[in-house]
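Engineer: Let me give you the structure first, and then I'll get to my questions.
The values are calculated or read from the model by the stated rules, or taken from the named source; none is laboratory data. Quantities reported herein were computed from a predicted structural model and do not represent experimental measurements. Every residue, glycine as well, gets a Cβ built from its backbone with ideal geometry; the counts of neighbours run over all protein chains shown.
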Amino acid sequence: MTSADQSTTDYDAIKNTIGNYLDGLRFADRERLESAFAVQHAHMKGYIKNNQGRLIESSRPMDEVIDEWVARDPNPAIQGSILSINIYSDVGAQATFNFNGIYIDAFQLAKINGQWKIVNKFYVDQ
């Protein structure tokens, strides 16, 4: 397999990982969410608007976040789009994602046991 072939394969695998994240949110599906994240190691960090409209920092372990997400009612109308994917090594990548026009997510991904997993999610409330 050439380097270009491997890059395409990794690119498609990363797209699939991000798809599992989005579908996991849409359908409150723990299995998909846990397949997208390195749950024991991942964190979600970012800036969210408080009641006064000011951005405040937030940082939480992914297992807590996933518990919260799967407790919500499914919402198949949620949409998102990948803005960029940058594979910078055979085990490291980053991607940006427009989540429902509300947040811009920046994912750090690692290839763990041959599978791309999100190890960190940073978001900014638009």
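Engineer: Counting just the residues of region 49-84 that are in contact with a Phe, Trp or Tyr (Cβ under 8 Å, 6 or more places away or on another chain) and farther than 19 Å from Gly19 by Cα, which one comes out surrounded by the fewest Cβ atoms within 10 Å (Cβ to Cβ)?
Structural biologist: Among those that are in contact with a Phe, Trp or Tyr (Cβ under 8 Å, 6 or more places away or on another chain) and farther than 19 Å from Gly19 by Cα, it is Glu57.
Engineer: Of all residues in region 31-78, which are over 22 Å from Gln126 (Cα atoms) and in contact with a Ser or Thr (Cβ under 6 Å, 6 or more places away or on another chain)?
Structural biologist: Of everything in region 31-78, just one residue is over 22 Å from Gln126 (Cα atoms) and in contact with a Ser or Thr (Cβ under 6 Å, 6 or more places away or on another chain), namely Ala36.
Engineer: Could you identify the single residue in Gly46, Gly19 that is surrounded by 14 or more Cβ atoms within 10 Å (Cβ to Cβ) and not in a helix (DSSP H, G or I)? Can you show your working first?
Structural biologist: Values: Gly19 fails: not in a helix (DSSP H, G or I).
Unique residue meeting the criteria: Gly46.
Engineer: Looking at (1) within 11 Å of the chain's Cα centre (by Cα); (2) surrounded by 15 or more Cβ atoms within 10 Å (Cβ to Cβ), can you tell me which one Val39 breaks?
Structural biologist: All conditions are met except number (1).
Engineer: Within the set of pairs 6+ apart or on separate chains, which have a first residue in region 97-111 that is closer than 15 Å to Asp10 by Cβ and modelled with pLDDT of 90 or more, a second that is of a type in the set (Val, Ile, Thr) and in a loop (DSSP other than H, G, I, E, B), and C-beta atoms under 7 Å apart?
Structural biologist: Ala110/Val91; Lys111/Val91
Engineer: To continue, here is another question. Being without any contact (Cβ under 8 Å) to a residue 12 or more places away in the chain and polar (S, T, N, Q) is the filter here, so list the residues in region 50-85 that pass it.
Structural biologist: Correct list: Asn50, Asn51, Gln52.
Engineer: Sticking with this structure for a sec: What residue, among those in region 10-60 that are among the β-branched types (Val, Ile, Thr) and farther than 16 Å from Lys117 by Cβ, is modelled with the lowest pLDDT? Show your work before the answer.
Structural biologist: Pass one, region 10-60, residues among the β-branched types (Val, Ile, Thr): 14, 17-18, 39, 48, 56.
With farther than 16 Å from Lys117 by Cβ added as a condition, the list becomes 48, 56.
On the way: Ile48: 85, Ile56: 91.
Among residues in region 10-60 that are among the β-branched types (Val, Ile, Thr) and farther than 16 Å from Lys117 by Cβ, the one modelled with the lowest pLDDT is Ile48.
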